[in-house]
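Read the structure below first, then the notes.
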Amino acid sequence: MSDDVPDQETAIELAKEYADSECVGRFGDVTDVEERDTEWRIEFETHTLSDTHTHRVRITKSVGNVITHNRASRFE
């Protein structure tokens with residue numbers, strides 16, 4: 001099986017592209033990256049003028065699709 005998302009750098013870049021098109025605010029820090037057998041789990045922050053949100057996405061290794069996205073505010 002050939003991985004379309006073979007390394008951490010590629011997974012982070014896909015998460016950033018996803019955030020730029022789907023998330024509110026400016027992409028911030030990547031706070032966690034975890035590699036699993038078939039997916040990458042990436043946690044990152046986005047920032048607006050008044051808030052910071054933590055996002056967790058799961059990206060398939062074989063195709064590079066985001067299969068889940070959870071967002072939390074610092075006030076939650």
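In segment 34-64, what residues are out of contact with any Asp or Glu (no Cβ under 8 Å at 6 or more places or on another chain), open to solvent by 80 Å² or more (accessible area, probe 1.4 Å) and not in a strand (DSSP E or B)?
Result: Arg36, Asp37, Thr38, Leu49, Ser50.
Which of the numbered conditions does Gly28 fail, given that it passes all the others? Conditions: (1) open to solvent by 50 Å² or more (accessible area, probe 1.4 Å); (2) at pLDDT 95 or above.
(1)
Which of the residues that make up segment 15-25 are open to solvent by less than 60 Å² (accessible area, probe 1.4 Å) and either hydroxyl-bearing (Ser, Thr, Tyr) or more than 15 Å from Ile67 (Cβ to Cβ) (or both)? It would help to see each step written out before you state the result.
Step one: list which residues in segment 15-25 are open to solvent by less than 60 Å² (accessible area, probe 1.4 Å), which gives 15, 18-19, 23, 25.
Answer for segment 15-25, where residues must be open to solvent by less than 60 Å² (accessible area, probe 1.4 Å) and either hydroxyl-bearing (Ser, Thr, Tyr) or more than 15 Å from Ile67 (Cβ to Cβ) (or both): Tyr18, Ala19, Cys23, Gly25.
Working only within segment 27-76, note down all residues that are in contact (Cβ under 8 Å) with a residue 24 or more places away in the chain, of a type in the set (Phe, Trp, Tyr) and farther than 12 Å from Val5 by Cα.
The answer is Phe44, Phe75.
Taking the options Ile12, Ile67, name whichever one is exposed (fewer than 13 other Cβ atoms within 10 Å of the Cβ) and touching a strand residue (DSSP E or B) at 6+ places or on another chain (Cβ under 9 Å).
Just one listed residue meets the conditions, Ile67.
The values are calculated or read from the model by the stated rules, or taken from the named source; none is laboratory data. This is a predicted model, so every value here is computed, not measured. Positions of Cβ are backbone-derived with ideal geometry, glycine not excepted, and every protein chain shown enters the neighbour counts. These area figures cover heavy atoms from the full protein model, side chains too; ligands, DNA and RNA do not enter into them. Shrake-Rupley method; radii C 1.70, N 1.55, O 1.52, S 1.80 Å.
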